[in-house]
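> Here's a structure for you.
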Amino acid sequence: MSELIDYILGKNPRKMSYVVGFGNHYPKRVHHRGASVPKNKVKYNCKGGWKWRDSSKPNPNTLVGAMVAGPDKNDGFHDVRTNYNYTEPTLAGNAGLVAALVALSGDKSVGIDKNTIFSAVPPMFPTPPPPPAAWKP
């Protein structure tokens, strides 16, 4: 598990971190309104924010700790804000990371056991039914 956390947080120099704000090469164009629209006391409607969504410049705000998707089948990452499949930090994508990091922190006050944290998660695919009994004429 610690190798996975090291990989995600960018401690392995051969791989890129997918956690924003950690490592040397983290995603800079996260698909998130709070990251891409500058803090300038102007309220923008949805269309008003498109100029930042479509910009190739790095985000003016860093969502430190947000995890985005990746890599592709060739172990590459496309740090392009408009390609939300790679750069959007979703709740579902971040929940597991947060839970794992809390469990690994060793803080007993949170009531999470690192050995059983995911034991209640159902399998992705149900167990197939047993084969039918042998046919008898």
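> Helix 91-105: angle to the longest alpha-carbon principal axis of the chain, degrees 0 to 90, nearest 10?
80 degrees
> Can you count the Lys pairs in the chain whose Cα atoms are under 28 Å apart, with each pair 8 or more apart or on different chains?
Close lysine pairs found across the chain: 25.
> Right, something else. So, counting K/R as plus one and D/E as minus one, what does the shell of residues with Cβ under 9 Å around A35 add up to?
Surrounding charge for A35 is +3.
> Hey, could you grab the Kirkwood Rh for the chain? Inverse mean 1/r over distinct alpha carbon pairs, Å, one decimal.
17.8 Å
> Just want the ordering: W52, W135, from fewest to most Cβ atoms lying within 10 Å of their own Cβ.
Least crowded to most crowded, the residues run W135, W52.
> Pop the C-beta distance of I112 and N24 into the FRET formula with R0 = 35 Å and round what comes out to the nearest 0.05.
0.70
Values quoted throughout were computed directly from the atomic coordinates according to the rules given, and no laboratory measurement underlies them. Model, not experiment: these values are computed from the prediction. Cβ coordinates were reconstructed from backbone atoms using ideal geometry, including for glycine residues, and neighbour counts include every protein chain displayed.
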